Structures are given as C-alpha cells and as structure tokens.
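*Asks:* What follows is a single structure, and I will ask about it in a moment.
What follows is calculated from the coordinates using simple rules that are stated; it is not laboratory data. Keep in mind that what you see is a predicted model, and the values were worked out from it rather than measured. Note: ideal-geometry Cβ built from the backbone for every residue, glycine included; neighbour counts use all protein chains shown.
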C-alpha cells in the first residue's frame, strides 16, 4: 500500500499565528481584544457557510459516487458540465475560499480543472446583487457583463486545462 505524504504547512502556519497572538497579548494586551472581537465577527458571519459546505460534503460523499462525478463533470463532460459549473458558481453562497475544500474533493474524484475554474469565475455573479448592479450601471451593462463573465469562464477554464496539460 502506498503511503500518502501529509502536508503539515497549514498546521505550522496556525501554530505561528497562535504564538504571535499570545506574544502580542502578553506585550500589548489592549491590542488583542479588538482583534479577537473582529475574529469573532468573522466566525459568526461564516458559520452558516461552514455548515452548508459541510452538509454538501456529506451529501456528495454519501449520495454521489466518483463515477457520477466523472460522468457529469469529468474529462468527457460536455456542455452540461460547463452549464452545471456556471450555474453552481452563480448560486453558490459565501466566500470562494469556503468552497476550496469541496472543490478539491471533487477534483480528487475526477472533476475537470476547467469546470472548477468556471465555478470559481462565476462565483462573482450573485443573483441577489444583480438589482443593485442594474440600479447603478443599467440593464445593458449588467447583461453584457454577466454574459461576458460566463463565456470568459469557459475560455479561462480551457486555458487552465491546456496549461496544466503542458505542465505534465
């Protein structure tokens, strides 16, 4: 059985950050409280996104098998795969970094890199913000921008796939 090397860089970074907080807390305790309050505000904002992403992990791992992912989002995924990536990116909620672990898991199960790029690219299109965009910039600007982002996400995805092929 092949042993898998585990990258511990993230844990080392976390330990360094905690150590810095402790040192700063000892040297300048008045500066640590605002920082911890800010941290708590962020945690409260992203808590539900964590829950949703965790639930998606459970659903994907329980109901969706790697063969299904490969079928719809794998190397032979056609227009349906691109549409799923674009729509998924548009309807996704929360900051994009919250989706990285899920996307990594999907990539591990065979999702095309280009589709992951399209998903992340289209994350910037938020249906809830479209009325505000229309208000400030008008219908034509909003429609053109949205369509260009969708089309460019496909082009960007294909470019990334080609670059990764060259890298191999």
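*Asks:* Rounding to the nearest 10 and keeping the result within 0 to 90°, find how far the Cα-based axis of helix 113-122 lies from the longest principal axis of the chain.
*Replies:* For helix 113-122, the angle is close to 70 degrees.
*Asks:* To continue, here is another question. Considering every Cα-Cα pair within the chain, what fraction, in whole percent, is farther apart than 26 Å?
*Replies:* 47 percent
*Asks:* Right, another one. Sort 107, 112 so the one with the fewest other Cβ atoms within 10 Å of its own Cβ comes first.
*Replies:* 107, 112
*Asks:* Also: Let me have the 222 nm mean residue ellipticity of the chain computed from DSSP H runs of 4+ only, each contributing -39500 (n - 2.57), with the sum over all residues rounded to the nearest 500.
*Replies:* One gets -26000 deg cm²/dmol as the mean residue ellipticity at 222 nm.
*Asks:* Given axes a ≥ b ≥ c from the Cα gyration tensor, I'd like to know whether segment 1-63 is rounded (a/c under 1.5), prolate (a/b larger than b/c) or oblate.
*Replies:* Oblate.
*Asks:* Fewest first, what order do 141, 119 take by the number of other Cβ atoms within 10 Å?
*Replies:* With the sparsest Cβ surroundings first, the list reads 141, 119.
*Asks:* Still on this model: Helix 9-27: angle to the longest alpha-carbon principal axis of the chain, degrees 0 to 90, nearest 10?
*Replies:* Computed tilt is about 30 degrees.
*Asks:* Sticking with this structure for a sec: On full extension of the chain, what length is gained from residue 7 through residue 163, given 0.36 nm per residue of separation minus the C-alpha to C-alpha distance?
*Replies:* 53.7 nm
*Asks:* Against the longest alpha carbon principal axis of the chain, how many degrees, from 0 to 90 and to the nearest 10, is the axis of helix 139-167 turned?
*Replies:* The helix 139-167 is inclined about 80 degrees to the chain.
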